[in-house]
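The values are calculated or read from the model by the stated rules, or taken from the named source; none is laboratory data. These numbers come from a predicted model, not from an experiment. With ideal geometry, Cβ positions are generated from the backbone for all residues, glycine too; neighbour counts draw on all protein chains shown. Accessible surface is based on the protein model in full, side chains and every heavy atom, while ligands, DNA and RNA are left aside. Shrake-Rupley method; radii C 1.70, N 1.55, O 1.52, S 1.80 Å.
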Amino acid sequence: MKLRYGVSVSTIKQLQELPGLPEIDFLEITPALREHPEFSIPEKWKKRICRASGRSEARSLDSLVYAGATMRQEFFRYWGSVCDKLTETGISQVTLGIDWETISNDLHYASVMRDMLRCCFGIAQKHDLSLLLEVRIPGGIAGRVMEFVKFRNSLLLPVKNVIDLHPHEPGALASVGEIFEKLPFDCSNFRVSVDVSGGNCLTGQLLERIKKCLCRIGPEVPEICFYPGSNADKTAYEQFYAVIGS
């Protein structure tokens, strides 16, 4: 099965030192990088930049659940300016993550988060950005896959999944197996988050296990994006490149 591979960076140092990696199909950055005074996409990656991962923006949303309407409106204005800059950079997709464990156990939190995600994704859609909802694994989704899909569908927007897989954490691969078993057509887009500075690595054997959980959706090509953590250097990306080429 054909796959698209990507790499994710979260610091200016990672972006500036990122090797060319000619077989890698796309680059993911964080919106915060766009604000850095030294931000510049290396020439060898300009045609491959594709996605923005809103990790810090998702944390901001989480903190606004119990805030007032004025603070939320201020955030939505900020988010609109973020989306402006992303499209100027050539980015076509944006992700936002959710704390699924809290959503599934707190009805008020779930209701407010649903409304805020609708606003954020609606703003992104007006900027012609494709919408991706991140779900972290492991992270409370085990045994509640259908509840997650119901919540995602309640956004009433064309939102797809990104499975943010932390494969070295207990229960991670079992949870992915459950999602694939119950919802095979929702398993086409993975970010594999590996804490390289903590001593973990992505081996060929682990990559093969992840590939078994990928499923093609119509004409779309399944994707695996590699993120080695904010403390990783270019060596981590070179090792990933070696693994996918082996």
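Condition first: surrounded by 20 or more Cβ atoms within 10 Å (Cβ to Cβ) and small (G, A, S). Now tell me which residues in the stretch 7-30 satisfy that.
S8, S10
What are the pairs, 6+ residues apart or on separate chains, where a residue within the stretch 144-171 that is in contact (Cβ under 8 Å) with a residue 40 or more places away in the chain has its Cβ under 6 Å from a residue that is among the charged types (D, E, K, R) and open to solvent by 70 Å² or more (accessible area, probe 1.4 Å)?
Listed by first residue and then by second, the contacts come to L155/R118; D164/R136.
Could you please let me know if L207 is at pLDDT 85 or above and either surrounded by 14 or more Cβ atoms within 10 Å (Cβ to Cβ) or closer than 13 Å to V162 by Cα (or both)?
Numbers: at pLDDT 85 or above: yes; either surrounded by 14 or more Cβ atoms within 10 Å (Cβ to Cβ) or closer than 13 Å to V162 by Cα (or both): yes.
So L207 passes the test.
Please go through the stretch 93-152 and pick out each residue that is more than 22 Å from Y66 (Cα to Cα), open to solvent by 30 Å² or more (accessible area, probe 1.4 Å) and not basic (K, R).
Q93, Q125, H127, D128, S130, A142, G143, M146, E147
Go through the stretch 173-194 and report how many residues are in contact with a strand residue (DSSP E or B) (Cβ under 7 Å, 6 or more places away or on another chain) and surrounded by fewer than 19 Cβ atoms within 10 Å (Cβ to Cβ).
Selection size over the stretch 173-194: 1.
Any residue at all in the stretch 44-66 that's closer than 26 Å to W100 by Cβ, aromatic (F, W, Y) and open to solvent by 20 Å² or more (accessible area, probe 1.4 Å)? Steps first, answer last, please.
Pass one, the stretch 44-66, residues closer than 26 Å to W100 by Cβ: 50-66.
Imposing the further condition that a residue be aromatic (F, W, Y) reduces the set to 66.
Those left that are additionally open to solvent by 20 Å² or more (accessible area, probe 1.4 Å): 66.
Looking through the stretch 44-66, at least one residue is closer than 26 Å to W100 by Cβ, aromatic (F, W, Y) and open to solvent by 20 Å² or more (accessible area, probe 1.4 Å).
Checking L157 against (1) open to solvent by 60 Å² or more (accessible area, probe 1.4 Å); (2) within 30 Å of M116 (Cβ to Cβ), only one condition comes out false. Which one?
So L157 meets the others, but not (1).
Matching residues to (1) open to solvent by 60 Å² or more (accessible area, probe 1.4 Å); (2) under 21 Å from E101 (Cβ atoms):
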site	(1), (2)
P167	no, yes
L202	no, no
K211	no, no
N231	yes, no
A236	no, no
G245	yes, no
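Within the bounds of the stretch 195-203, is there any residue that is closer than 13 Å to L3 by Cβ, at pLDDT below 90 and in contact with a strand residue (DSSP E or B) (Cβ under 7 Å, 6 or more places away or on another chain)? Steps first, please.
Step one: list which residues in the stretch 195-203 are closer than 13 Å to L3 by Cβ, which gives none.
Looking through the stretch 195-203, none of the residues is closer than 13 Å to L3 by Cβ, at pLDDT below 90 and in contact with a strand residue (DSSP E or B) (Cβ under 7 Å, 6 or more places away or on another chain).
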